[in-house]
Amino acid sequence: MLGWNKNKSDHPMADDKAAKHFLAELPAADSFKLLEEVSFWLDATRTAEGLKPLRAYEIVEQLDAVARPHQRKLAQEFLAGGNRRQRFQELRIWNSQVELCRQLGAAYEYCLTQVLSGASGSGTLKPLTPVLACRAIRALALELKWALLRYAPVDPTLWGRLGTLYAQAEKGRFADKSCVVYAGMGPESTVQREYLKALMLSMSATDSLLPRKVEVAERIVADLCAHFVLSAERGKGCHYYVDLAVARPPARLLGQAASEPTMRYFGPGTGCEAAAKLISAIANSGAIPSDMNLGGNYESSLVTDVLHHLARYWAPMPPARAQERRRSFVRLHVVHDFEDIVAIISGESTDLTFSESIETWTVENESEGGYGAVITQTKGDWLKVGALLGIKLEEGAAWGVGIVRRINSATGQQCYVGIETLAKGGARVKLYPVGGRNAQSGEDALLLPSSAADSSGRGELSLLMRLGSFSPRQSFQMRAYERDYLLVPKQLVEGGQDFDMAKFRVMQRAA
């Protein structure tokens, strides 16, 4: 009788009864703990002894299903948190999601390898080959999206794994075979489409988008993927390339790139035209088309902004810089809190007072409109696309106002930050609701220097205000330079993480 159970696995989900008990014991009330448990056992499934390929797949599928609602819950929390989200909570969500995606992708890769290698007992899984590849690619594409959401470096192995999965699908002649990836979760797909989603999202310049816009961009990419093209030959609509055999990210075609048998060319195909039609439909109806699956409720203006962004960067020629960048190696002082910015730019503080708030960044290029700086990881969680900055060159005489337009993390220790200069200088003013002039109701704002348009006799000015202060129906009384002015709102020029920048018309001035 010795050795009677030598083929029995010690995995806690080795049979249906054990699996049911195990899943019931998972900490459903704690999403973080549950995802941690699921990630651990996904990894264990690939190394457990005595598991037949079919049983391994069933375990992975069950763990995938139990984790899915918790993934969605934490993702919604991440996107809804905004500035209120603490760095610890943000990192906790991000780490749990990335680890789950990584392990889930690896688990489905393992199941696919079992089938393709003809492992004993894998024959029953052969009809699911396209599903296994699609799920593996989708998990890795989700890991890519989480990196983009935090402007973090992409795992260098990810593109190699994706390339291998697609190469296996081509070799097995199932790359374009339609399948239901997850029952009840969207239309049928193919391995090629899933791969194209990841490729096109990576080429969509998401480093200049806020996290909510990155989320919408990913959804639009999925919605338009039927328009995208991928081929072994260069052709119309293919502006980019990727090498299936090399663990490198895809890139835009420049000139006559060397061609290898493992290179694939891809691009938006007719995706730009489809994006233009969606923009037109939203403009005509004022609403997002009902067949657009964005996974949540978004303002039509936000969706239109993202569509315009994608159409620009998917074009045969990428957007050109408005101004020439010059190489420059100087130091830039930076302040990031709204109150500190207003105080230091208006000259009502000293560098000494703000010494702990000021950071010094290294500028590597500049133009008339801004700077490109390389920085080490910051201590706080404030650095995002759209963050307002007080900026001053180390040898400069005055502080100005800037905004973060782009973040690109090359490594875990350093990242590149693109800064647009909004104004050079400014003056602190007080804003009061019309008819409500008292010390308690006044709000600090920054009066920005007049542009050529503002000073052309139209009686307009620009104000930097605290987030949520602007309303198209709210007029203000402004106290500036010991005089009072009545301001009528004209338009919100920019809304950021902690500020509104708006234009007002000056209607009257008190003596």
Next item on the list: Within the set of other residues whose C-beta is less than 14 Å from the C-beta of Gly163, count the net charge using Lys and Arg as +1 and Asp and Glu as -1.
Entry: -2
Note to self: For the ranges 61-73, 219-231, what's the packing order if you count other beta-carbon atoms within 10 Å of each residue, average per peptide, and put the highest first?
What the structure shows: 219-231, 61-73
Notebook entry, point to check: If you place +1 on the Cβ of every Lys and Arg, -1 on the Cβ of every Asp and Glu, and leave all else neutral, what size is the dipole of the chain about its Cα centre, to the nearest 20 Debye?
Noted result: 860 debye
Notebook entry, point to check: For labels at Val246 and Asn297 in the simple 7 Å Cα→Cβ model, what's the distance in nm?
Noted result: 4.8 nm
Margin query: What's the ranking of 290-297, 10-17 by average number of surrounding C-beta atoms within 10 Å, highest first?
Written below: 10-17, 290-297
Notebook entry, point to check: Share of the chain's accessible area from carbon and sulfur, percent, 1.4 Å?
Noted result: 52 percent
Margin query: For the stretch 109-210, what does the accessible surface come to per residue with a 1.4 Å probe? Please give it in Å².
Written below: 38 Å²
Next item on the list: Send over the semi-axes of the stretch 185-325's equivalent ellipsoid, whole angstrom and largest first, taken as the square roots of 5 times the C-alpha gyration tensor eigenvalues.
Entry: 26, 18, 13
Notebook entry, point to check: So what is the relative contact order for the chain, in percent, with contacts set as C-alpha pairs under 8 Å and at least six apart?
Noted result: 9 percent
Notebook entry, point to check: Simple spin-label model, 7 Å along Cα-to-Cβ: Thr164 to Glu395 in nm?
Noted result: 5.2 nm
Checklist line | Which of Ala217, Ser367, Gly105, positive extreme of dipole for the chain (C-beta unit charges) | finding: Ala217
Check: Given the rule -39500 (n - 2.57) for each run of at least 4 DSSP H residues, summed and divided by the residues of the chain, what is its mean residue ellipticity at 222 nm, to the nearest 500 deg cm²/dmol?
Finding: -12000 deg cm²/dmol
Check: Computed FRET efficiency, Cβ-Cβ of Thr360 and Lys384, R0 22 Å: what is it to the nearest 0.05?
Finding: 0.65
Notebook entry, point to check: Taking a label point 7 Å from the Cα of Val493 along the Cα→Cβ vector, which residues of the stretch 465-487 have an amide N closer than 12 Å to it?
Noted result: 465
Next item on the list: Could you sort 130-141, 305-316 so that the peptide with the highest average Cβ count within 10 Å comes first and the rest follow in order?
Entry: 130-141, 305-316
Next item on the list: Using +1 at the Cβ of each Lys and Arg and -1 at the Cβ of each Asp and Glu in the chain, identify which of Trp314, Ser9, Leu63 lies farthest towards the dipole's positive end.
Entry: Trp314
Check: Among Gln497, Ala198, Ala147, whose Cα lies farthest out toward the positive end of the dipole of the chain, if unit charges sit on the beta carbon of Lys, Arg (+1) and Asp, Glu (-1)?
Finding: Ala198
Checklist line | Dipole magnitude of the stretch 186-342, debye to nearest 20 (Cβ charges: Lys/Arg +1, Asp/Glu -1, about Cα centre) | finding: 680 debye
Note to self: Limiting things to C-alpha atoms, what are the Rg and the maximum Cα-Cα separation (Dmax) for the chain, in angstroms?
What the structure shows: 27.0, 106
Notebook entry, point to check: Where does the charge balance sit around Leu100 when Lys and Arg score +1, Asp and Glu -1, over other residues with C-beta under 14 Å from its C-beta?
Noted result: +2
Note to self: For the stretch 113-246, what does the convex hull of the Cα positions come to per residue, in cubic angstrom?
What the structure shows: 119 Å³
Notebook entry, point to check: Taking K and R as +1 and D and E as -1, what net charge do the other residues with C-beta under 14 Å from the C-beta of Tyr298 add up to?
Noted result: -2
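The values are calculated or read from the model by the stated rules, or taken from the named source; none is laboratory data. All values reported here derive from a predicted model rather than from experimental measurement. Virtual Cβ from ideal backbone geometry, glycine too; neighbours counted across all protein chains shown. Keep in mind that these areas ignore ligands, DNA and RNA; they rest on the heavy atoms of the full protein, side chains included. Shrake-Rupley method; radii C 1.70, N 1.55, O 1.52, S 1.80 Å.
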